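The values are calculated or read from the model by the stated rules, or taken from the named source; none is laboratory data. The model shown is predicted, which means the values in this text are computed figures rather than measured ones. Don't worry about glycine lacking a Cβ; one is built from the backbone with ideal geometry, like all the others, and counts go over all protein chains shown.
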Amino acid sequence: GKVLVLNGPNLNLLGQREPHLYGATTLADIDRALAERAERAGIVLETFQSNHEGALIERLHAARDEAFDFLIINPAAFTHTSIALRDAVLASDLSFIEVHLSNVHAREPFRHHSYFSDKAIGTITGLGAQGYLLAFDYVIAALSDNLD
Ligand code: DQA
């Protein structure tokens, strides 16, 4: 199997940025934990973070020819704003899981709507960095034909 993990704007600051909301874990910590799990499960993993909407969109365009099985995406603030990123995810034709570290539903009303959730396999919100690992566990299970 082959999995793409995309992270949107400001997530490069994880660990330093509003730690009461987003925790002390850095994006490098998350990527490392995912890479360990991927190696154990024999899955090829690619991770990509950008603060630029266009760079995320172009990464998804490239993914169209890269035979990924699943996408795990935290679109960050673009969750609530970007029809363009939504369209790129749909153009990629990838089955995806939407992850948020914080519980967006317990926060400002403008975070309650997502341009992605209605198309996701599922969403994980509020479980901190664990959310990425739980999403990855789902993907491992799905790729090995376990319960879904
Ligand atoms: C976030 C939630 C978004 O509302 C916010 O803009 C982020 C991070 C999260 O992971 O909790 O940047 O996606």
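Residue pairs whose Cβ atoms lie under 9 Å apart, separated by 6 or more positions or on different chains, with the first residue in region 78-101 and within 11 Å of residue 8 (Cβ to Cβ) and aromatic (Phe, Trp, Tyr) and the second outside any loop (DSSP other than H, G, I, E, B) and at pLDDT 95 or above, are 78/53; 78/56; 78/84; 78/85; 78/86.
Each residue in region 103-125 was checked for being in contact with a strand residue (DSSP E or B) (Cβ under 7 Å, 6 or more places away or on another chain), farther than 12 Å from residue 72 by Cβ and touching a residue at least 24 places away in the same chain (Cβ under 8 Å), and 3 of them qualify. Quick check, is residue 127 hydrophobic (A, V, I, L, M, F, W, C) and more than 23 Å from residue 55 (Cβ to Cβ)? Yes: the conditions hold for residue 127. Kindly indicate whether any position in region 105-122 is under 15 Å from residue 11 (Cα atoms) and either out of contact with any Ser or Thr (no Cβ under 7 Å at 6 or more places or on another chain) or crowded, with 21+ Cβ neighbours inside 10 Å (or both). No, that holds for no residue. Taken over region 52-98, the residue count meeting the criterion of being under 22 Å from residue 142 (Cα atoms), of a type in the set (Asp, Glu) and touching a Leu at 6+ places or on another chain (Cβ under 8 Å) is 2. Just give me the residues in region 75-104 being over 18 Å from residue 2 (Cα atoms) and not hydrophobic (A, V, I, L, M, F, W, C), in sequence order. Once the filter is applied, which keeps residues that are over 18 Å from residue 2 (Cα atoms) and not hydrophobic (A, V, I, L, M, F, W, C), region 75-104 yields 75, 79, 80, 81, 82, 86, 87, 100, 102, 103. Taken together, the criteria exclude residue 134 from residues that are assigned to a helix (DSSP H, G or I) and either in contact (Cβ under 8 Å) with a residue 24 or more places away in the chain or more than 16 Å from the ligand (Cβ to nearest atom) (or both).
One line per residue, one yes/no per condition, for (1) away from the ligand (no atom under 14 Å from the Cβ); (2) β-branched (Val, Ile, Thr); (3) surrounded by 13 or more Cβ atoms within 10 Å (Cβ to Cβ):
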site: 88; (1), (2), (3): yes, no, yes
site: 98; (1), (2), (3): no, no, yes
site: 101; (1), (2), (3): no, no, yes
site: 140; (1), (2), (3): yes, yes, yes
